[in-house]
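Report on the following structure.
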Amino acid sequence: MANVKLEAKSREVVGKKVKRLRNDGWIPAVLFGAKQASTPVQVEERELDRALGQAGSTALIDLQLDSESQPHLVLVRDIQRDVLTSRLQHVDFYQVQLDQKVKTSPALNIVGKAPAVEAGGAILVQILNQVEVECLPTDLIDSIDVDVSSLETLDDSITIGDLHVPSGVTILADPGDIVVSVVVPRAAFLEEEEEAAALEELEMEGLVPGGVELEPTEPAAGEAGEE
């Protein structure tokens, strides 16, 4: 996949004056890196929205600054948005080195169907939506598939250690951390709790002996169908 391309201009406006830039359709940003001095830049808002939609924070961007001969190879490191409108406010671009590993957080993408869920009486709960990984810039991935077809019984789960990633990509999380799990629906769980509480109350009142389980009442012989 080709790198996303984005043009930027050097920025002289800083501080509170950047509000004027936003009003004119430009988003203030900063370009920085291990071998790149922190440089204020500005990016056209519509083009930045497009680039973020394609690259997010897990794909490389060729950031062309002014009329420089070569673009800067960058990752988006921080995106600030207005809390009310979600409009872009500021972005940080981190210039990567092809021989140095970087960290990103690809999404965890559920694939397949869990037999335990298909059989009914259980639901699939996704606990982690993304996970931090480390790799060289040329090995970057934007998602990791989580195949749930192995979840056949209640309380089955898939952990970080069960995930498969390409060679060169290292997951930076505890292998025992649960990604997805099959559980009893909350409504059924609450019904069991209420039944247990009712039984406990009857035991305390001496209406049933301890250790007795409540069972559904069945009609006596000959009563079926009577109203």
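The values are calculated or read from the model by the stated rules, or taken from the named source; none is laboratory data. Nothing here was measured: the structure is a model prediction, and the numbers come from that model. Note that we place each Cβ from the backbone using ideal geometry, even for glycine, and neighbour counts take in every protein chain shown.
So in the stretch 133-162, with the set limited to residues that are part of a strand (DSSP E or B) and charged (D, E, K, R), which one is nearest to Pro185 (Cα to Cα)?
Just the residues of the stretch 133-162 that are part of a strand (DSSP E or B), to begin with: 133-135, 143-147, 157-159.
In the following step, the residues that additionally are charged (D, E, K, R) were identified as 134, 145, 147.
Details: Glu134: 36, Asp145: 24, Asp147: 21 Å.
Of everything passing the filter in the stretch 133-162, Asp147 is nearest to Pro185 (Cα to Cα).
From the set of residues in the stretch 15-49 that are without any contact (Cβ under 8 Å) to a residue 40 or more places away in the chain and within 26 Å of the chain's Cα centre (by Cα), which is surrounded by the most Cβ atoms within 10 Å (Cβ to Cβ)? Out of the qualifying residues, it is Asp49. No other residue among Asp62, Asp78 is among the acidic types (Asp, Glu), closer than 21 Å to Val102 by Cβ, at pLDDT 95 or above and touching a strand residue (DSSP E or B) at 6+ places or on another chain (Cβ under 9 Å) apart from Asp62.
Exactly one residue among Asp147, Asp174 is exposed (fewer than 11 other Cβ atoms within 10 Å of the Cβ), modelled with pLDDT of 60 or more and closer than 21 Å to Ser105 by Cβ, and that residue is Asp174. Looking for something part of a strand (DSSP E or B) and either without any contact (Cβ under 8 Å) to a residue 24 or more places away in the chain or loosely packed, with under 12 Cβ neighbours inside 10 Å (or both) - is there at least one such residue anywhere in the stretch 85-99? For the stretch 85-99, residues part of a strand (DSSP E or B) and either without any contact (Cβ under 8 Å) to a residue 24 or more places away in the chain or loosely packed, with under 12 Cβ neighbours inside 10 Å (or both): absent. When residues in the stretch 150-171 are screened for being within 29 Å of Leu98 (Cβ to Cβ), under 20 Å from the mean Cα position of the chain (by Cα) and exposed (fewer than 15 other Cβ atoms within 10 Å of the Cβ), 3 of them pass. Screening Asn129 with (1) surrounded by 13 or more Cβ atoms within 10 Å (Cβ to Cβ); (2) touching a Leu at 6+ places or on another chain (Cβ under 7 Å) gives one miss only, at (1).
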